[in-house]
Each structure stands twice: as structure tokens, then as C-alpha cells.
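Undergrad: Sharing a structure with you now.
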Ligand SMILES: NC(=O)c1ccc[n+]([C@@H]2O[C@H](COP(=O)([O-])OP(=O)(O)OC[C@H]3O[C@@H](n4cnc5c(N)ncnc54)[C@H](O)[C@@H]3O)[C@@H](O)[C@H]2O)c1
């Protein structure tokens, strides 16, 4: 699953809920340090997680992020939008 704004307060909370139910996480944020910190905390618990840097207001960055997540996990089953203007559509 992809969580935009995943490095933030609500994004991290959503990530926790989904991880507790077995989800693999793509933590997407335009602040890559925050995304990385969140993803790393889940990796420490053996949850499959990656950090993805993208500004969801930029179509090219969203497309690149989708490609990166699909390459890593094979598909995107769930999208949680906590960042602004998310345009993810797969
Ligand atoms: N926290 C609350 O109780 C609450 C309640 C209602 C609504 N909201 C709204 O929900 C949203 C998230 O709240 P939060 O508390 O998690 O905020 P937050 O600031 O903790 O997290 C937002 C995250 O989104 C990222 N982000 C912002 N714009 C982005 C963009 N264009 N592309 C990618 N990442 C982007 C930021 O880097 C940050 O990590 C905000 O819009 C907030 O106004 C929050």
C-alpha cells in the first residue's frame, strides 16, 4: 500500500494500523528524511516498508513514485492520501 504524507503524524498512524494487519508499506513523502525514518522504524519490526520521495502535487514525481512502488512490490492495492493533491490512480 502507498501512504502519501506517510512521514507525518496521521500518515504514520495509518501506516501503523495497516502494518498491524499485515500490509507492506510504501511511505511516500516529499520530505524524504521523514519517510525514511518512518519506513526504517517499520523495517526494524520486520514489516516490509520502503521510503519514496515525491511531491504529490507534481505529476511527474507521482508517476515516478508509482513506478518505483510497483517495481518493488509488484502492485498497489491500497492508497491512503494524507499529503496534498494526491493524483495516484493505479
Ligand atoms: N492531525 C490532525 O489531527 C488532523 C486533523 C484533520 C486534518 N488534518 C490534515 O491532514 C493532513 C495531514 O495531517 P498531519 O497531522 O499528518 O500533518 P503532518 O504535517 O504531520 O504530516 C503531513 C506530511 O505530508 C507531507 N507532505 C505535505 N505536502 C506534501 C506533498 N505535496 N507531497 C508529499 N508529501 C507532502 C509532509 O512532509 C508531512 O510529512 C494535513 O493536511 C492536516 O491539515 C490533520
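FYI, it's all coordinate maths here, none of it is from the lab. This one's a predicted model, so the numbers in the text were calculated from it and none came from an experiment. Neighbour counts run over all protein chains shown; Cβ positions are idealised from the backbone, glycine included.
Undergrad: Inside segment 5-36, can you point out the residues that are within 6 Å of the ligand (Cβ to nearest atom) and under 15 Å from residue 53 (Cα atoms)?
TA: 5, 7, 8, 11, 29, 30, 31, 34
Undergrad: Let me ask you something else. Quick check on residue 52: is it under 10 Å from the mean Cα position of the chain (by Cα) and within 12 Å of the ligand (Cβ to nearest atom)?
TA: yes
Undergrad: Let me ask you something else. Need pairs with beta-carbon distance below 8 Å; first residue within 14 Å of residue 16 (Cβ to Cβ) and within segment 43-60, second near the ligand (Cβ under 9 Å from one of its atoms) and not in a loop (DSSP other than H, G, I, E, B); sequence gap 6+ or separate chains.
TA: Hits for this filter: 49/38.
Undergrad: Just the residues that are touching a strand residue (DSSP E or B) at 6+ places or on another chain (Cβ under 6 Å) and outside any helix (DSSP H, G or I), please, taken from segment 63-77.
TA: If the condition is that a residue be touching a strand residue (DSSP E or B) at 6+ places or on another chain (Cβ under 6 Å) and outside any helix (DSSP H, G or I), then 76 is the only one that fits.
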